[in-house]
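**Q** Please see the structure below; I have some questions.
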Amino acid sequence: MNAILDVSPDDFTATVEPGVTKEALNAALRPHGLFFSVDPGAHATIGGMAATRASGTNTVRYGSMRENVLACTTVLADGRVVCAGSRTMKSAAGLDLARLFVGSEGTLGIITELTVKLHPLPEAVSAAIVSFPDAAGAVTTVIQGVQVGLPLARAEYLCPNTIRVVNATNPGLSLQERHTLFLEFHGSSQVGLDEQAGLMGRIAAENGGGDFAWASHPEDRTRLWHARHNAYFSCQRSRPGSIILTTDTCVPRSRLAESLAGAMRIMADAVFPHMIFGHVGDGNFHVLMAIDPSSESEHSEAETLNTAIVDLALSLGGTCSGEHGIGFHKKAFLRREAGEDATEVMRQIKSLLDPRNIMNPDKIF
C-alpha cells in the first residue's frame, strides 16, 4: 500500500497509503515547493510513523506526527472502517479519534490511509556546528535561541563519545571530540539567516561555545546530517558484534541539562561503550549502549542503567519514551508514568475496540 493518493498544494495536505515512505512523499512534493517535515532518520513509512507517533530532528520547529496527521482511515478488529479527522486545519467535531490512532502502535486497528500536513520548502537553509566544554552550555544555547525566536529547524546534541565514532565512520569528517551541537535554520532569505547566524554565534559564545562554523552549501549540510542520521550505526560499528540498547527519555527543556548530566553520571562506570545524542530542541535524547549479546551481565547492567535514567526523567517531570513508543519493553514504565487509573482507561479502550486482542497483542499493556 504505497500509493500517493492526492496532493493538494492549496490546502497544504497530502493523502497517502501507509506504505509510502517519507522520502518518496518528499520527492513527489518537491515540484510543488512543499515537503513533509517529520524526519526520524530511517527510511520510514508514513503509516509506521503515525502508528508510533514518530518525531525526529525537525520536531523543534514543525512538530511530531501528532501535529502533522490531520486524518486517518483505520480498519478495526471487527472489520469496521473508521474515518477520523478531516483535511481542515482545525475541527471541534466530537472526540479526536485521529489522535487516538496516532501513537497506538497498531493495538487499536490497522491504518490504511492518512492525510498529512505539508509545509513550504524554506527559501534559505543554513546549518552550523558548534562545540562546548560541557553539555549544559550546549543545552542552554538551544533554549536561549528558541526564547529569542531564532528559526531553529533542527538542534541536535552529540556527546564526545558519539563525535569520536562518527568521525571514525565518516571519511572526511574531523570534528573536535567535544560536546557538540548540529543546528539547522530555515528562513525566507539568506540575508535573514546570516543575521540570525551572528546572534546564535553570540549566544553560543556566552555559554562557552567555540569554533562556530556555518555550512550553507547543500553538500556540506548533507554530509553533516548524514553523519547525524547514521550515528546509531556508527555506535554499533564501534564494537563489532555488539547490539545496541537505547534509552528514549524526554523532559521539559528547562530540565534537560539536569537530565543529561544525570545520565552521564549514571553511565560513568558502565563496562561497555556508550554514546549520548538526541533532539535537545525538544528535550529528547538517547543513551546508546553497545553490549555483547552473549553476556548476561552486560545485558543486566544495561537494564539497570536504563531504569535509573528513566527514574531520573520521571522525577524531572519527563517521560519514559519521547518517540520510540512502549512496545513490549516499557510497559512497567508506562504504569509508573501514567498511573494505574490512566493505564486502566487505556486498557478499556483497547478492550472495547479489540475484545479478542488480535491487534498487536501484548504491546503497550
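Throughout, read-outs are computed from the coordinates displayed, never taken from laboratory work. Fair warning: this is a prediction, and the values are worked out from it, not measured in the lab. All Cβ positions, even for glycine, are placed from backbone atoms using ideal geometry, and neighbour counts span all protein chains on display.
**Q** Amide H of G327: which non-local residues (sequence gap of 5 or more, or other chain) have their own amide H closer than 5 Å, using H built in the peptide plane?
**A** I364
**Q** For F35, which sequence-distant residues (separation of 5 or more, or a different chain) have an amide H within less than 5 Å of its own amide H, given hydrogens modelled in the peptide plane?
**A** Close amide H contacts, sequence-distant or interchain: H119, L121.
**Q** Along the stretch 203-212, what does the Karplus equation 6.51 cos²θ - 1.76 cosθ + 1.60 (θ = phi - 60°) give for ³J(HN,Hα), rounded to whole Hz, x for Gly and Pro?
**A** So the J values, rounded to whole Hz, are 4, 4, 4, 5, 9, x, x, x, 6, 5.
**Q** Still on this structure: Tell me the mean residue ellipticity at 222 nm calculated for the chain from its helices only (DSSP H runs of n ≥ 4, each -39500 (n - 2.57), averaged over every residue, nearest 500). Walk me through the numbers before you get to the answer.
**A** Numbers: 14 runs with 140 residues, N = 365.
Counting only the DSSP helices, I get -11500 deg cm²/dmol.
**Q** Could I ask something else about it? When the dipole is taken about the Cα centre of the stretch 206-346, and only Lys, Arg (+1) and Asp, Glu (-1) are charged at their Cβ, what size is it in debye, to the nearest 20? Walk me through the intermediate numbers first.
**A** Details: 12 positive and 19 negative charges, 62 e Å.
The dipole of the stretch 206-346 has a size of about 300 debye.
**Q** Once phi is turned into ³J(HN,Hα) by the Karplus curve 6.51 cos²θ - 1.76 cosθ + 1.60 with θ = phi - 60°, what whole-Hz value does each residue of the stretch 337-343 show in order, with x for glycine and proline?
**A** Values, residue by residue: 6, 8, x, 5, 5, 5, 5 Hz.
**Q** List the relative contact order of the chain as a percent without decimals, with contacts defined as Cα pairs under 8 Å and 6+ residues apart. Before the final figure, lay out each step's value.
**A** On the way: 708 pairs, mean separation 59.6, N = 365.
Relative contact order comes out at 16 percent.
**Q** How high is the relative contact order of the stretch 101-241? Use alpha-carbon pairs under 8 Å, at least six apart in sequence, and give a whole percent.
**A** Values: 186 pairs, mean separation 49.0, N = 141.
So the answer I get is 35 percent.
**Q** What is the stretch 238-319's relative contact order, in percent, from Cα pairs under 8 angstrom and six or more apart in sequence?
**A** On the way: 122 pairs, mean separation 36.1, N = 82.
Rounded, it is 44 percent for the stretch 238-319.
**Q** Please report how many Lys pairs in the chain have alpha carbons closer than 18 angstrom, counting only residues at least 8 apart along the chain or sitting on separate chains.
**A** Values: K22/K117; K90/K117; K330/K350; K330/K363; K331/K350; K331/K363; K350/K363.
Here the count comes out as 7.
**Q** Output wanted: per-residue J couplings in Hz (rounded whole) for the stretch 221-234, from phi through Karplus 6.51 cos²θ - 1.76 cosθ + 1.60, θ = phi - 60°, x for Gly and Pro.
**A** With the stated coefficients, the stretch 221-234 comes to 5, 4, 5, 4, 6, 4, 4, 5, 5, 9, 4, 4, 6, 4 Hz.
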